[in-house]
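Participant: Have a look at the structure that comes next, please.
Each value in this text was obtained by applying a stated rule to the coordinates, not by laboratory testing. What you see is a predicted model; the values in this text were computed from it and never measured.
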Amino acid sequence: MSTLRILDVAHTGITCSDIDRSIAFYRDVLGFPVTEKARQGGELMEQVTGVLGAVIDIAYVDAPGHRIELLSYVAPEDRVRSSLRPCDPGFLHLAFDVEDIEVVVAAVRAAGYEPVNPIPTVTEGPAKGLRGIYTRDPDGVVIEFLERPSGASTPSPAGGDTSTG
């Protein structure tokens, strides 16, 4: 077992192609507070990212219990768009518990984004009644929304549940 101590999750960084469009999605569609964007560059950013000539616009999204860092590289200019699928190594997604998945899907659709599929419901097992759906943000990052059945507990990060009963 490792002797190092990880104290907390600081944030999840998402590189986006248009920070203003991504800010609008996370703020206006999902309703999260978002900081003003700030531009950072120079030797420190090159050292942190390993990208020569890195100049980055950065804003932070304050989701419940987690901070998301939006990064939009102004330089260098030779950037490529990722085409990872959910089954490809290195793919990641964000997942949010929601109160009413139908309301969330309606808000996402009204903003011009479509869920990947109709909303399925788990019909058996320990997650029976759970409803979940994938959708994508403006750059194709998958966001999962989960509606748990009434009275169900929320799984803890360690895989147990947070129920008290």
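Participant: Using Cα springs under 10 Å in a Gaussian network model of the chain, which residue among Asp78, Asp28, Asp97 shows the largest mean-square fluctuation?
Facilitator: Asp78
Participant: Pick from Val104, Val55, Val122 the residue whose mean-square fluctuation is largest in a GNM of the chain, springs joining Cα atoms under 10 Å.
Facilitator: Val122
Participant: Would you kindly state how much longer the chain becomes between Ala127 and Arg109 on full extension, computed as 0.36 nm times their sequence separation minus their alpha carbon distance, in nm to one decimal?
Facilitator: In short, 3.9 nm is gained.
Participant: For the chain, what is the calculated [θ] at 222 nm in deg cm²/dmol (nearest 500), taking -39500 (n - 2.57) for each run of four or more DSSP H residues and dividing by its residue count?
Facilitator: Helix contribution divided over all residues of the chain: -3500 deg cm²/dmol.
Participant: Of (1) 31, 21, 15; (2) 26, 19, 15; (3) 23, 19, 16, which one was derived for semi-axes √(5λ) of the Cα gyration tensor in Å from the structure shown?
Facilitator: (1)
Participant: Right, next: Which distance in Å, rounded to a whole number, links the C-alpha centroids of the range 127-144 and the range 68-89?
Facilitator: 19
Participant: Further question: Taking amide H positions as placed in the peptide plane 1.01 Å from N, state which residues far from Asp97 in sequence (5 or more) or on other chains have amide H under 5 Å from it.
Facilitator: Leu146
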